[in-house]
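> After the structure tokens below, expect a handful of questions from me.
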């Protein structure tokens, strides 16, 4: 019972700290005095969630998922190791699973967008050249054949175009929904080509295709060279967890985990594994383009 109360207090503290930093929660004394830093943090969170395709998910729902996973992780760790401290640490690690999951989803969306843009631009080039479409019509028509993850953004841009017939506003909606540096560069190039016009639109689109293909090929080569390292990273994560679980059923393993020294070593092991995992991921991270527009 005491362990559950301590876990509940820990979860409440995690929720309050996270909501204060991410969502700008304030008490009655500070009402109306939100700092620009908190506003900036909220904007970065919404931008990050838009990149993951979660622009329709409220931040409160995101925080609720983290709190729920904290309780689940803490309960499982308490059942395995029989201690409060490992349960709290495991709960904190479990609460970061939505962040890691949505980060992987964001990376997958950005990778799919980078791979799709050369084909999409080439189709736009064909439609504006041989088929005689205007640039806005070509962009929106090609968007209907884009990967499923990108189609909602093109659909929102098409609705804006039908309401306003303003390609600048439609392009702004598309950039905001995709929230990707590659999409920014492509949309700005298409917008400039639409406003200036002329006979060299085909040449500009061809140069844009070549630039995107070179960037995509370079990233694919880098990821291919990291394949073995990524496998080793996952293997190193699984081995310590498997050894810890095996130790529960060998001799007095479970009783050893319940001692103060055992609890401290479990916490140390969890922190070392998590730290090495995060450090390795940081070393393997490829440089990302900044959103200029």
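> If a residue has to be out of contact with any helix residue (DSSP H, G or I) (no Cβ under 9 Å at 6 or more places or on another chain) and at pLDDT 80 or above to count, how many in segment 266-293 make the cut? Let's see the steps before the verdict.
Quick first cut of segment 266-293, residues out of contact with any helix residue (DSSP H, G or I) (no Cβ under 9 Å at 6 or more places or on another chain) only: 268, 275, 278-279, 282, 285, 287.
Imposing the further condition that a residue be at pLDDT 80 or above reduces the set to 268, 275, 278-279, 282.
Residues in segment 266-293 being out of contact with any helix residue (DSSP H, G or I) (no Cβ under 9 Å at 6 or more places or on another chain) and at pLDDT 80 or above: 5 in total.
Table: residues versus (1) touching a helix residue (DSSP H, G or I) at 6+ places or on another chain (Cβ under 9 Å); (2) in the same structural domain as residue 154 (by TED's automatic domain parsing).
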{"position": "85", "(1), (2)": "yes, no"}
{"position": "89", "(1), (2)": "yes, no"}
{"position": "104", "(1), (2)": "no, no"}
{"position": "121", "(1), (2)": "yes, yes"}
{"position": "129", "(1), (2)": "yes, yes"}
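> Suppose we keep only residues that are farther than 17 Å from residue 84 by Cβ and assigned to a loop (DSSP other than H, G, I, E, B) within segment 251-265. Which one would you say is modelled with the lowest pLDDT?
251
> Could you grab me the full set of residues in segment 119-151 that are surrounded by fewer than 19 Cβ atoms within 10 Å (Cβ to Cβ), part of a helix (DSSP H, G or I) and in contact (Cβ under 8 Å) with a residue 60 or more places away in the chain?
122, 129
The values are calculated or read from the model by the stated rules, or taken from the named source; none is laboratory data. Keep in mind the model is a prediction, meaning the values are calculated, not measured. Methodologically, a virtual Cβ is constructed for each residue, glycine included, from the backbone with ideal geometry; neighbour enumeration extends over all protein chains shown.
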